[in-house]
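**Student:** Pasting in a structure now, in structure tokens, and then I'll have a few things to ask.
The values are calculated or read from the model by the stated rules, or taken from the named source; none is laboratory data. The structure displayed is predicted, hence computed values, not measured ones. Here the Cβ positions follow ideal geometry from the backbone for every residue, glycine too, while neighbour counts run over all protein chains shown. Side chains included, ligands, DNA and RNA excluded: accessible areas come from the protein's heavy atoms. Shrake-Rupley method; radii C 1.70, N 1.55, O 1.52, S 1.80 Å.
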Amino acid sequence: MEREVLFNGRMFDVVRRQDRDVVEHGPAVAVVAVSGESVTLVRQERVPAGGKVLELPAGMLEEGEAPLAAAKRELREETGLHGGEWVEAATFFISPGYTDEKMHLFLATGLEQGEATPDAGEELDVVRVPLEEVPSLLDEIEDAKTLVGLLLLLRYRSTIHS
């Protein structure tokens with residue numbers, strides 16, 4: 001497939017493929033982290049969104065890293081949570097009309113608390129939401145991967161053993 005590079009960025013490139021401008025972005029992971037009777041989210045500044053966004057712990061895969069390893073790394077870095085049982089709940093394109101970014105969404109249960117070690121410059125607040133409050137929280141969520149993850153959590157909640 002022929003491709004012309006239009007922009008090389010730090011986090012993504014923009015290329016022209018088949019007369020379309022495409023954002024090339026490496027794969028990413030997000031985690032629905034259930035511990036006890038709560039799900040753990042993070043609130044962090046997202047410049048493109050114009051402020052702080054409440055979302056699932058998430059991040060990009062490092063070179064050669066498997067999605068599950070990346071998900072475990074990101075969850076531990078951002079929240080300190082680790083261990084437990086993990087299932088890949090879904091894999092999807094975040095917006096296939098303009099980007100090739102693929103999101104691997106994991107459900108993690110039975111987690112243990114450790115110390116968070118966020119990346120340099122990454123400022124976030126860890127937010128624990130009781131599972132019974134998740135349905136009422138959906139109206140506040142502006143992030144697509146988080147909506148997908150929380151809706152899947154509600155769908156599978158009866159089968160979860162946290």
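**Student:** Ignoring everything except DSSP H segments at least 4 long, calculate the 222 nm mean residue ellipticity for the chain; use -39,500 (n - 2.57) per segment, divide by total residues, nearest 500. Numbers along the way, then the final one.
**Tutor:** Values: 3 runs with 30 residues, N = 162.
That comes out to -5500 deg cm²/dmol.
**Student:** OK, next. Between the range 70-92 and the range 1-63, what is the separation of their alpha carbon centroids in Å?
**Tutor:** Distance between centres, Cα-based: 16 Å.
**Student:** Return a whole-number percent for the relative contact order of the chain, with Cα pairs under 8 Å and 6 or more residues apart as the contact set.
**Tutor:** Reported as a whole number, the value is 26 percent.
**Student:** Next up: For a quick protection proxy, order the peptides 83-90, 117-124 by their average other-Cβ count within 10 Å, most packed first. Each step should come with its number before you reach the end.
**Tutor:** Numbers: 83-90: 15.0, 117-124: 10.9.
For the peptides 83-90, 117-124, the packing ranking is 83-90, 117-124.
**Student:** Right, next: Rank Asp100, Asp125 by accessible area, highest first, at a 1.4 Å probe radius?
**Tutor:** Per-residue accessible area, sorted high to low, gives Asp125, Asp100.
**Student:** Moving to a separate point now. Share of the range 1-43's accessible area from carbon and sulfur, percent, 1.4 Å?
**Tutor:** C and S fraction of accessible area: 46 percent.
**Student:** Counting only heavy atoms of the protein chains, get the accessible area per residue of the range 14-127 (1.4 Å probe) and round it to a whole Å² value.
**Tutor:** So the range 14-127 comes to 50 Å² accessible per residue, rounded to a whole number.
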